[in-house]
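In what follows, a single structure is set out as structure tokens and then discussed.
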Amino acid sequence: SQQLARTLESISKAAHGLDDRVELVVVDNGSTDGTSAVLKAHAKTACYSVKLLSEPHRGKGFALNKGLSATSGDIIAFTDDDCCLRPDYFREAVRLFSQDTVPTFRGGCALPGDSDDLRFSLITSDEERILAKRDHPCEWLIGCNMIMPRSIFEKVGWFDTRFGPGTAF
């Protein structure tokens, strides 16, 4: 819950001036700390729509799908409770997606927020890259920083709940 407050503050800063175009959907996937109270307090003061959901099935895939079912936007962005968005995140996303001629799946840097962050969960390169057929997207796209149009889910389906954090490995 302590990391979440920082994440929510960064979302508010990134949404500034775009409040009517930003919708925040938060899925609590079994927290046992003060997460619920932090979320409720944020929802009361946010200048954008906030939906608070709970997903009893453990696993990131279940949580992502629950959130997807409650979104209404054309562009869907995903982050985690221990991440912070850049202040220009939403403006840059709108700019980039407005130029696309085909459905595009984007991700980006995920830099360490504290010294306990795991090295394999970070992407430090900021080079723009278009994945080729033989590239594996997990090398460049991670769940804490991905963004895509809703149309991608309409074409390929939702997240596979057998994989991801919180599931048996």
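Below, the figures for the structure above:
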item: Where only C-alpha atoms are counted, convex hull volume of the stretch 1-52 per residue in Å³; result: 64
item: Per residue, in Å², the accessible surface of the stretch 58-105 once ligands and nucleic acids are set aside, probe 1.4 Å; result: 58
item: Subset of Lys40/Lys155; Lys51/Lys155; Lys13/Lys51 violating a 29 Å alpha-carbon distance limit; result: Lys40/Lys155
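The values are calculated or read from the model by the stated rules, or taken from the named source; none is laboratory data. Quantities reported herein were computed from a predicted structural model and do not represent experimental measurements. We work out accessible area using only protein heavy atoms, side chains counted, and drop any ligands, DNA or RNA first. Shrake-Rupley method; radii C 1.70, N 1.55, O 1.52, S 1.80 Å.
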